[in-house]
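Written out below as structure tokens is the structure these notes cover.
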Amino acid sequence: MSGRATETLGLNGEKTFMHGPCESLALVDVETYPAFVDKKADRLDMMAHFSAQMQALTVLSWKAPEKARRLRLLVTENDFVIERMGRSGAVQIASGNLRTYGQICLATHAHLFDCARHRTHSLLRGATGSKTGHPQVLNVPPGVYAITLYADNAFHVSPADAGEGAEPIIDYTIILRHYAFPPPRVAPVRLSAGFLPWAGEKAAGMVEAATSHKAPGVGVPKFSSISY
């Protein structure tokens with residue numbers, strides 16, 4: 001797919017990359033975010049769409065300066081990194097939650113607006129501009145993420161002041177605090193008449209009703225197979 005740059009980040013993984021100049025950025029769940037809105041959608045429609053999708057945990061959006069920036073993205077399963085960023089004096093500029101089943105996309109609002117008006121354009125293609133302006137696709141562990149965005153102290157340091165051989169200046173740090181999905185809730189299973197019916201109140205009720213009747217010719221129903 002043209003314009004697609006994919007990275008894989010496991011728990012406690014870190015990735016630094018450049019992003020081109022843009023007005024605003026967003027982290028989007030690729031699988032659940034409804035990209036298309038309407039072919040005549042305007043900016044107000046997009047504001048309403050973002051508001052609804054942020055409530056649904058499919059997108060997190062924030063304002064970004066109109067310059068190319070170096071972003072550092074961290075995936076963590078504890079709060080140590082967040083506490084360290086707070087003690088460092090970095091300024092928190094945005095936060096929110098995002099639910100994903102394994103793939104998220106860092107994209108500009110311009111790209112999302114383009115997808116909103118063109119049904120054939122997806123989050124992973126249709127972007128225009130320089131390489132740094134293309135969507136960044138990230139494979140991450142499934143779950144719910146508490147996301148915090150910081151403007152680092154180095155934001156105010158010029159490359160000349162940093163000195164030769166210094167670490168690349170980081171403008172933003174995006175911390176994705178991972179919370180695993182809770183285990184599935186399984187309904188109680190009733191053992192009856194020598195076979196194991198499927199879980200669920202309806203199935204259990206059917207077996208109980210069949211075994212409780214004493215009328216002639218009414219017995220336990222026969223199942224040739226059980227599908228899950």
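Filtered by the rule that a residue be under 24 Å from Tyr172 (Cβ atoms), at pLDDT 90 or above and either of a type in the set (A, V, I, L, M, F, W, C) or in a loop (DSSP other than H, G, I, E, B) (or both), region 36-75 gives Met46, Met47, Phe50, Met54, Leu57, Thr58, Val59, Leu60, Leu73, Leu74, Val75.
Filtered by the rule that a residue be within 24 Å of Asn139 (Cβ to Cβ) and out of contact with any helix residue (DSSP H, G or I) (no Cβ under 8 Å at 6 or more places or on another chain), region 18-49 gives Leu27, Asp29, Val30, Glu31, Thr32.
Let's see how each residue does on (1) within 14 Å of Thr108 (Cβ to Cβ); (2) surrounded by 15 or more Cβ atoms within 10 Å (Cβ to Cβ); (3) of a type in the set (Lys, Arg):
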position: Leu11; (1), (2), (3): no, no, no
position: Lys15; (1), (2), (3): no, yes, yes
position: Pro21; (1), (2), (3): yes, yes, no
position: Val37; (1), (2), (3): no, yes, no
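Among what's in region 86-138 and is hydroxyl-bearing (Ser, Thr, Tyr) and surrounded by 18 or more Cβ atoms within 10 Å (Cβ to Cβ), pick the residue that is modelled with the highest pLDDT. So the residue we want is Thr100.
Taking region 63-85 as the range and being surrounded by 15 or more Cβ atoms within 10 Å (Cβ to Cβ) and over 17 Å from Arg99 (Cα atoms) as the test, the residues that pass are Ala64, Arg69, Arg70, Leu71, Arg72, Val81, Ile82, Met85. A search for C-beta distances below 7 Å between a residue of region 169-192 that is not assigned by TED's automatic domain parsing to the domain that holds Leu71 and among the charged types (D, E, K, R) and any residue that is surrounded by 12 or more Cβ atoms within 10 Å (Cβ to Cβ) and at pLDDT below 70, counting only pairs 6+ apart in sequence or on different chains, returns Arg190/Pro197; Arg190/Ala204; Arg190/Val207.
The values are calculated or read from the model by the stated rules, or taken from the named source; none is laboratory data. None of the values given here were measured: they were computed from a predicted structure. Using ideal geometry, Cβ is built from the backbone for each residue, glycine included, and neighbour counts are taken over all protein chains shown.
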